[in-house]
Amino acid sequence: MKEKQQNILIIGAGLCGSLLALRLGQRGYNVTVYEMRPDLRKVDISAGRSINLAFSDRGNKAMKLVGIEDKVKALCIPMHGRMIHDKKGNTYLSNYSGREYEHINSISRGELNGLLLTEAEKHKNVSIYFNKKCKSVDFEKTTALFQDYKTKDEFVEDADIIIATDGAGSAMRKSYYLGKKFLFSFSQEYLTHGYKELSILPKENGDYKTYKNALHIWPRGSFMLIALPNLDGSFTVTLFLSYDEGEYNFNNLTTEEKVLEFFQKEFPDALALMPNLIDDFFENPTSPLGTVKCSPWHYKGNTLLMGDAAHAIVPFYGQGMNASFEDVVEFDKVLDKNLESWEATFDAYEKTRKKDTDAIADLAIDNFHEMKDHVANPMFQEKRKLEMALEKAFPDQYSSKYSLVTFNEDIGYREAMLKGRAQDKAILNLLTDGIITLDDDLKTTLKKVKQETEAILEDDRIAGLK
Ligand SMILES: Cc1cc2nc3c(=O)[nH]c(=O)nc-3n(C[C@H](O)[C@H](O)[C@H](O)COP(=O)(O)OP(=O)(O)OC[C@H]3O[C@@H](n4cnc5c(N)ncnc54)[C@H](O)[C@@H]3O)c2cc1C
């Protein structure tokens, strides 16, 4: 099956779609991509939509696969840890890993997407068309209906297979759902919180106004502010806040005075760096955050959902893009098996992949609570200190949950979640019960943590959680 002359239609040239086009182009398929928006290399369309992202090892594995790791590295700003800001303006750096070479990166969505498009277009067998919006997909006939943004003309495209990488609001997923032709399960869960993007502009001489190589967090219990650096000396700042709960919320922050009062009270050190706050606040949209799960991702051997279209997650683990890139790596592995049909290929891919994307969706919700609240908790800080010490002393024997998810790209998210959660529970139990302390011999502590983790994993196995 799958002669290389086969025509593959990709809907959506975002991060996942452009990487997929590049990889399938490298594999020799005839690839056509239709993207709803204009070409982002020519038009600035990023305002208010996560301008920069945390890029880490799972995403980088995909860049290695397509041979552009060095080009991507040039776009990256390393972030070694979380710089936590308390209400008094004190800061505290909590590293992401005890292994010095492990860090995450801040990367521009537009630059990375643009690079992937350019690399994909280098292949004669890849064509990308912009301003063409998919309205629906006939998954039984393997055709898609598009509308040209400029002329408003509608046209139908057919292909041997269609892969939809059209993001969290996927048109093809909607066709699956509305078509009612097969048992399609779908859930979308919104958080009570939304987000708004703000900015810290560079100093007049172009320097960064605060420490460059960290992900800054202002955790405030039920809401938070974060900031990631950009190459031009600015930071993209994101406020995560409830729509309608608490003293301050998006629904009641309607006047300049109230917004300033909120920042003065909660984020005074950030406010001092943000003279442009009011303009940003009222110009930029407030957007919702949600988790999308669905199954099956494919209809027979005709169509397949990938990236956010199949599994949108909340952004708190910095893994949505990384997971979407990992989708392409995992799909590529299945293609290597050269199975007898596209149906068998899609089936095998979904079987191995879905458990992992379900896991990162749940981990991302966990991290929402960790970032806005737990990072400021003394017991949590003690646990992180201990984990950093263990990773440093025993780099080959210990990895925290964060490291398992972020820096261990050769294990799946589900395995990282099960082991990571058990370890978290073990350390917190041992610290709370005074069985270990930060001053103990690390070798003895590691042994106790491993024993307790194993006991918890065994309980989980007995309870059928594993
Ligand atoms: C606030 C925020 C912060 C985030 N931070 C991080 C982070 O730090 N790290 C991380 O790894 N992930 C992060 N993410 C998640 C990340 O943005 C997504 O997981 C990633 O963009 C998914 O890529 P995708 O290509 O599947 O979807 P998208 O990037 O959404 O791309 C979909 C593409 O399809 C196009 N399209 C949509 N509908 C149609 C249609 N009907 N017809 C044709 N084209 C269409 C869109 O224009 C777009 O180009 C964040 C998300 C948000 C909201």
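Looking only at residues in region 161-189 that are among the hydrophobic types (A, V, I, L, M, F, W, C) and within 12 Å of the ligand (Cβ to nearest atom), which one is surrounded by the fewest Cβ atoms within 10 Å (Cβ to Cβ)?
A168
Output yes when any residue across region 107-128 is over 27 Å from Q6 (Cβ atoms), within 16 Å of the ligand (Cβ to nearest atom) and outside any helix (DSSP H, G or I), and no when none is.
yes
In this structure, is L112 crowded, with 22+ Cβ neighbours inside 10 Å and either within 23 Å of N284 (Cβ to Cβ) or among the charged types (D, E, K, R) (or both)?
Yes.
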Fill in: Sole exception among (1) under 22 Å from R23 (Cα atoms); (2) loosely packed, with under 15 Cβ neighbours inside 10 Å for F130, by number
(2)
Item to complete: Output the residues belonging to region 233-285 that are over 27 Å from the mean Cα position of the chain (by Cα) and closer than 25 Å to I45 by Cβ.
Response: N276, I278, D279
Practice prompt. List every residue pair whose Cβ atoms lie under 7 Å apart, where the two residues are 6 or more positions apart in sequence or sit on different chains, the first residue falls within region 4-20 and is in contact (Cβ under 8 Å) with a residue 60 or more places away in the chain, and the second residue, located anywhere, is within 8 Å of the ligand (Cβ to nearest atom) and in a strand (DSSP E or B).
Written response: I11/Y34; I11/C134
Worksheet, complete the sentence: How many residues of region 55-95 are modelled with pLDDT under 95 and within 14 Å of the ligand (Cβ to nearest atom)? The answer is 1
Worksheet item: Of all residues in region 20-46, how many are within 13 Å of the ligand (Cβ to nearest atom) and not acidic (D, E)?
Response: 14
Response to the item:
Contact list, first residue from region 327-341 and touching a residue at least 60 places away in the same chain (Cβ under 8 Å) and exposed (fewer than 12 other Cβ atoms within 10 Å of the Cβ), second anywhere and not in a helix (DSSP H, G or I) and not aliphatic (A, V, I, L, M), beta-carbon distance below 8 Å, six or more apart or interchain, is N338/K2
Worksheet item: Scanning for something assigned by TED's automatic domain parsing to the domain that holds T32, within 30 Å of T236 (Cα to Cα) and in a loop (DSSP other than H, G, I, E, B), does region 180-189 turn up at least one residue?
Response: no
Worksheet item: Is one or more of the residues making up region 414-429 of a type outside the set (G, A, S) and outside any helix (DSSP H, G or I)?
Response: no
Worksheet item: Counting only residues that are outside any strand (DSSP E or B) and free of Cβ contacts under 8 Å to residues at least 60 places away in the same chain, which one in region 150-176 is nearest to the chain's Cα centre (by Cα)?
Response: G169
Worksheet item: So K180 clears everything in (1) modelled with pLDDT under 95; (2) under 21 Å from C16 (Cβ atoms) except one condition, right? Which one?
Response: (2)
Discussion item. Can you tell me which of (1) modelled with pLDDT of 95 or more; (2) over 24 Å from the mean Cα position of the chain (by Cα) is the one V405 doesn't meet?
Written reply: (2)
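The values are calculated or read from the model by the stated rules, or taken from the named source; none is laboratory data. What you see is a predicted model, and the numbers here were worked out from it, not measured in a lab. Glycine gets a Cβ as well: all are built from the backbone with ideal geometry, and neighbour counts include every protein chain shown.
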